[in-house]
Amino acid sequence: MKTYITTAIPYVNGVPHLGHAEDYLLADIAARYMRMRGDEVRFQVGTDEHGNKIEKKAAELGKEVKAYVDENSEKFKEFIKKLGVEYTDFIRTTDKAHEELVQKIWEKLGSHIYKSDYEGWYCEGCERFVTDNEYKENNGVCPDHQKPYEHLSESNYYFKVSDFKETIKAKIESDELKILPEFRKNEILKLLADTPDVSISRPKAHLKWGVDVPGDDEQVMYVWMDALSNYITVLGYPNKDISDYWPATVQVVGKDILRFHAILWPAMLLGLGLPLPKTLLCHGFILANGQKMSKSIGNVVDPIEVLEKHGLDAFRYYFSRHIDTFTDSDFTWDKYEDAYNNELANDYGNLVQRLSNLCSKNGVDKAFLEKRKILESGSFRNTWDSDDAEYKTYMDNFEFTKGIEYAWSKISAVNKRIEDTKPWSVAKENPEEAKVLLSSLVGDLLNANEMLKPFLPIANTVEVIFTSEKIEPPKTPLFPKEFKK
Ligand code: MSP
């Protein structure tokens, strides 16, 4: 089966922060899981590089805009690689190919676009106009960006979202466009009902850094129109037939940008005659001590520091298990250290060390495991349909925190079984029986380990340890106790 997974493309008016990791990790877990199940996965990541706030930030720093976005886009690319994300496509909205394709998309949407004068309130941080009601409710200040709304009066092009509202509503209600988690669905249906037509261009007098509107020298495309299109221009639309990969299996977005993906984006797709994505997976925010991370509060955590402290698997472990897939969750160094020491190093690292050591001492090797049919394909791989159907259900529904918790319960069960059966004592009485017991424990571990693979790249190393000709404990523990800080 061909599968397409996408991630939100971050603005490059700054360097990656901890929050950005969430889109990439969730998408990568989905991608790894789907590949394990035999899918051919296409997986897009990229950077969103147009718009006022990027233009302004570059000017503030005295940099040429293109040089500035080149520099920051590269930082995101490095960050994504450091997270072990196995993407297939990296798109930048300043790519010439993307710009040309977006212009073609605009032309194709022609019958749903009209020009009109506009007067209203705009938040540059959100890059969107707010309604008069929102303006009043928020007392004129954007709650997300803590900045007063700007009053704009300009002549813009509009996209007739109204042409598609009924269809979008029906598709969301019937789950043909599935919004996860469920509670976000009603939020969106309410917003949809109140959504006016969307302004999709800005006069060049107000915004220069963008894609030109075809056939109008005075106007530049609205950044969201340009950005959302990336999901299909990266596949070559409209020049290429994209039906192998479109509709996307899952599009991963944060809660702040779900509205664009669940209203404007479906309207654009319907206008183009394309099917809607199957699932929008919406995650919450990563907080620091219950508060939103922000530069002004001074509680922003550098993701590179977190990655370097205990390595990639610790990072991925914490973000999979302790940052809930769907709701806001806290990152604190204390919680991070606890999870590393008590769970990764103790439950998993020590188990691998201990069991490989017992195998090595008692002569359990690959030949013996094969004789006991432990390594036969199907014995520990993809037993999810039967023995571990619960895991499969979680993973198929993108409930990754529950998926890793289930896998961990199996790791804990192996630890308990070792404690209960005491193979070292059995070895003293009956070495052959101890070997049989150990081989069965290896089977249990490999099975649990298989379920950890979408989350932790180190699970592949663990598999190699137990499937080598001779089983040897790793020379240095998988999760050393000494800290770098
Ligand atoms: N450029 C737009 C997205 C365009 S997609 C066609 C944008 N960029 S962003 O840099 O502001 O955000 C990128 C992603 O990071 C979004 O999914 C957003 O929700 C996510 N996060 C930003 N801060 C976050 C946290 N503190 N926690 C979790 N994710 C958050 O929006």
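The values are calculated or read from the model by the stated rules, or taken from the named source; none is laboratory data. Treat the numbers as computed from the prediction; the structure is a model and nothing was measured. Cβ placement follows ideal geometry from the backbone for every residue including glycine, while neighbour counts extend to all protein chains displayed.
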Tally time: how many residues in the range 233-248 are of a type in the set (Lys, Arg) and touching a residue at least 60 places away in the same chain (Cβ under 8 Å)?
0
Taking the range 38-72, which residues are under 19 Å from the mean Cα position of the chain (by Cα) and either surrounded by fewer than 21 Cβ atoms within 10 Å (Cβ to Cβ) or not small (Gly, Ala, Ser) (or both)?
Asp39, Glu40, Val41, Arg42, Phe43, Gln44, Val45, Thr47, Asp48
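How many of the residues in the range 271-288 are more than 13 Å from the ligand (Cβ to nearest atom), over 17 Å from the mean Cα position of the chain (by Cα) and surrounded by fewer than 20 Cβ atoms within 10 Å (Cβ to Cβ)?
Step one: of the range 271-288, the residues more than 13 Å from the ligand (Cβ to nearest atom) are 271-276, 278-279.
Now drop any that are not over 17 Å from the mean Cα position of the chain (by Cα), which leaves 271-276.
Among the residues that remain, those that are also surrounded by fewer than 20 Cβ atoms within 10 Å (Cβ to Cβ) are: 272-275.
Residues flagged as more than 13 Å from the ligand (Cβ to nearest atom), over 17 Å from the mean Cα position of the chain (by Cα) and surrounded by fewer than 20 Cβ atoms within 10 Å (Cβ to Cβ) within the range 271-288 amount to 4.
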Helices (runs of 4 or more DSSP H) within the range 240-326 that include 3 or more residues over 25 Å from Glu127 (Cα atoms)
303-310, 312-321
Of those in the range 203-226 that are within 16 Å of the ligand (Cβ to nearest atom) and not β-branched (Val, Ile, Thr), the residue farthest from Val102 (Cα to Cα) is Leu207
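Mind checking which residues of the range 186-223 are part of a loop (DSSP other than H, G, I, E, B), among the basic types (Lys, Arg) and surrounded by fewer than 15 Cβ atoms within 10 Å (Cβ to Cβ)?
Of the range 186-223, the ones part of a loop (DSSP other than H, G, I, E, B) are 195-197, 200, 204-211, 213-218, 222.
Among the residues that remain, those that are also among the basic types (Lys, Arg) are: 204, 208.
Within the range 186-223, Lys208 is the sole residue that qualifies.
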Enumeration of residues in the range 1-26 that are under 10 Å from Asn72 (Cα atoms), within 9 Å of the ligand (Cβ to nearest atom) and either touching a Ser or Thr at 6+ places or on another chain (Cβ under 6 Å) or aliphatic (A, V, I, L, M) (or both)
Val12
Condition check for Trp265: modelled with pLDDT of 95 or more, of a type in the set (Phe, Trp, Tyr) and within 11 Å of the ligand (Cβ to nearest atom):
yes
Gly349 fails exactly one of the following numbered conditions: (1) buried (at least 18 other Cβ atoms within 10 Å of the Cβ); (2) within 16 Å of the ligand (Cβ to nearest atom). What is the number of that condition?
(2)
